[in-house]
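**Student:** Would you mind keeping the following structure in view while I ask a few things?
Only the coordinates and a few stated rules stand behind these numbers; no lab work does. These numbers come from a predicted model, not from an experiment. Cβ: placed from backbone, ideal geometry, glycine included. Neighbour counts: every protein chain shown.
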Amino acid sequence: MWIKQHPFSSIRWKILATFLVIIGVSFAITAALLTGLVSSTLYQQRTRQASLSAERLATSAAPFFASAQTAPLLESLTTAAGELDGRILLLSPDGKVQLDTYGLLEGTGLTLPVMTQVLTGSDPYAYGIYPVGDGSDYAAISAARMTHHGETMGVLLLSTPVTELRTAIVTMEKQLITVFAAVAGAALVAALIFSLTLTRPVKALTSTIRRMGKGDLSARVHIRSSGEMQELADSYNAMAERIENFDRSRSQFVSNASHELKTPLTAMKLLLECMIEQPDMPQPLRLEFMQDMNHEIDRLSGVITDLLTLTKMDSQEGPLHLSELDLSLLTQDTLHTLTPVAAKAGLTLSASIAPGVRITGDATKLGSIIYNLTDNAIKYTPGGGEIRVALSVRGKDALLTVQDNGIGIPPEEQAHVFDRFYRVDKARSRATGGTGLGLSIVRQMVQLHGGDITLTSTPGEGSVFTVTLPMRKEGD
């Protein structure tokens, strides 16, 4: 069951949101740092200029202030205040305004931190920003000490508006916001393109998985990408191929198993019906029918036994009982059991077994491998033929070969001999009692031991089955 997701929960929107958050946070930090740096630079520049102006004016005004020449002093300071777009006040050491270029505060006492700092401190000048009027605006006040012949005559205050400075900072902030909007828009477009490029393979893979979930096992994903996405697509396609092959194999297996089980049942049913319809059937014929039914029962039992064996190995319900054993001795004992069978079929069974070949494995299953391959060679080798079994050591592997000079297997059939229920000569296979599962079981057992089995065959000349088994478990 596929659950429909909210569109904003998709990877595409998550990528877009991530881009915007990263850009927004980065820009906010950058803007704050930049605004602070520019504001600090502008205020420092204003402070330096105002302090230099106040110091210069205090030096020039001190002699006039000391000699009480107020008229030329007022004219000079008024001109300077106009040039600086500010206001100048002269205060006596007790804080009383002696001269105001605006003519409003003369005779009034003032107490400002910068004034106190200049009169009592070691610095000859100070600077500060203070609210003006209702507090909606601010003024920058520079204070400079006036001295004449080493004597402190008072303090000069230079007041200049900071509206222009604040306007410049606000303008800069607006420009930064405009830049941010442009960058965010460009980033959004870039993120959208990037997310589309990134999520297109994911959507293609999701769509293919949905098709496969609805039963279309032939669905494959085709994307043009590289790196991890291409690797993911290849891995999915490989998995889908295996699932499709497994499903096809399962269907074929069920069909073949049904046929194999149905054939002996049909034969027994026909035999029983004949016996029922002929109650006075001669005893010899009745006995022959019963022997035929017994043969079919044996064949049916063999098919069921082989099916159960394969099922257990497929589901790993039959784990290997590993132990260190002498494969040479096991091969000799198995061939000793089959020698009478080969002699009865008019065949020569010879062996070339290297002594002392020790291997870690399951004795029962290894014995079944040797038995089934040799018995298979006996069944498909005409009378007068020869079967050779060899055991040797190659590197770290044990090498078992079973060779016959029987009917052989056509090249087009060799790739399928290990398939379940596959028979090269179906009529002869049934005659020998084979279920078509023997070689499948052998391959399964070999693979459980970490080994490999191969076939080389020439029609009319015989076949060679080669089993390679590691002599030690991995890690020993």
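**Student:** Charges only on Cβ, +1 for Lys and Arg, -1 for Asp and Glu: so what's the dipole of region 321-470 about the Cα centre, in debye to the nearest 20? Kindly include the intermediate steps, with their values, before the conclusion.
**Tutor:** On the way: 13 positive and 14 negative charges, 54 e Å.
Its charge dipole is roughly 260 debye.
**Student:** Would you mind pulling out the separation of the Cα centroids of region 134-200 and region 32-98, in Å?
**Tutor:** If we compute the Cα centre of each part, the gap is 23 Å.
**Student:** What are the semi-axes of the equivalent ellipsoid for region 321-470, taken as the square roots of 5 times the Cα gyration tensor eigenvalues, largest first, in whole Å? Walk me through the numbers on the way to the answer.
**Tutor:** Working: eigenvalues 115, 61, 38 Å².
Over the Cα atoms of region 321-470, the semi-axes work out to 24, 17, 14 Å.
**Student:** Report the full-extension gain for the segment Arg248 to Thr41: residue separation times 0.36 nm, less the Cα-Cα distance, to one decimal in nm. Before the final figure, lay out each step's value.
**Tutor:** Working: separation 207, 0.36 × 207 = 74.52 nm, distance 7.79 nm.
Separation in residues times 0.36 nm, less the Cα-Cα distance, equals 66.7 nm.
**Student:** Using Cα positions and a limit of under 18 Å, work out the aspartates and glutamates in reach of Lys344, with same-chain residues fewer than 8 apart set aside.
**Tutor:** Answer for Lys344, where 18 Å is the Cα cut-off: Asp375, Glu386, Asp404, listed by chain and number.
**Student:** Quick one: which of 345-352, 212-219 comes out on top by average Cβ neighbours within 10 Å, and what's the full order, highest first?
**Tutor:** Working: 345-352: 15.5, 212-219: 13.2.
Top of the packing list down: 345-352, 212-219.
**Student:** For Leu437, what residues show an amide H to amide H distance below 5 Å, using hydrogens built from the backbone and excluding near sequence neighbours?
**Tutor:** Correct list: Phe421.
**Student:** On to the next question. Starting from the amide H of Ala351, placed 1.01 Å from N in the peptide plane, find each other amide H under 5 Å away whose residue is 5 or more places distant or on another chain.
**Tutor:** Sorted by chain and number, the residues that satisfy this are Val389.
**Student:** With angles folded into 0 to 90 degrees, how steeply does helix 438-448 sit against the dominant principal axis of the chain? Use alpha carbons for both and round to 10.
**Tutor:** Between the helix axis and the principal axis of the chain, the angle is about 40 degrees.
**Student:** Place +1 on the Cβ of every Lys and Arg and -1 on the Cβ of every Asp and Glu in the chain, take the dipole about the Cα centre, and give the residue among Thr331, Gly383, Gly103 whose Cα lies farthest towards its positive end.
**Tutor:** Projecting each Cα onto the dipole axis, the largest value belongs to Gly383.
**Student:** Leaving out same-chain residues fewer than 8 places away, which aspartates and glutamates sit with a Cα under 19 Å from that of Lys269?
**Tutor:** Straight-distance partners of Lys269: Glu260, Glu277, Asp280, Glu288, Asp292, Glu296, Asp298.
**Student:** Additional query: Using only Cα atoms, tell me the angle between helix 283-314 and the longest principal axis of the chain; keep it within 0 to 90° and round to the nearest 10.
**Tutor:** 20 degrees
**Student:** For the chain, take the longest principal axis of its alpha carbons; what is the angle in degrees between that and the long axis of helix 163-213, to the nearest 10 within 0 to 90?
**Tutor:** 10 degrees
**Student:** Treat each spin label as a single point 7 Å out from the Cα along the C-beta direction, and report the Arg200 to Ala186 distance in nm.
**Tutor:** 2.4 nm
**Student:** Assigning unit charges at the beta carbon (Lys, Arg +1; Asp, Glu -1) and nothing else, what dipole magnitude in debye, to the nearest 20, does region 72-143 show about its Cα centre?
**Tutor:** Values: 2 positive and 9 negative charges, 36 e Å.
Charge dipole of region 72-143: 180 debye, to the nearest 20.
**Student:** Indicate the gyration tensor shape class of the chain (rounded, prolate or oblate), computed on the Cα atoms with a ≥ b ≥ c the square roots of the eigenvalues: a/c under 1.5 is rounded; otherwise a/b larger than b/c is prolate and the rest oblate. Mind dumping the intermediate values first?
**Tutor:** Values: a/c = 6.56, a/b = 4.09, b/c = 1.61.
Judged from the Cα gyration tensor, the chain comes out prolate (a/c at least 1.5, a/b above b/c).
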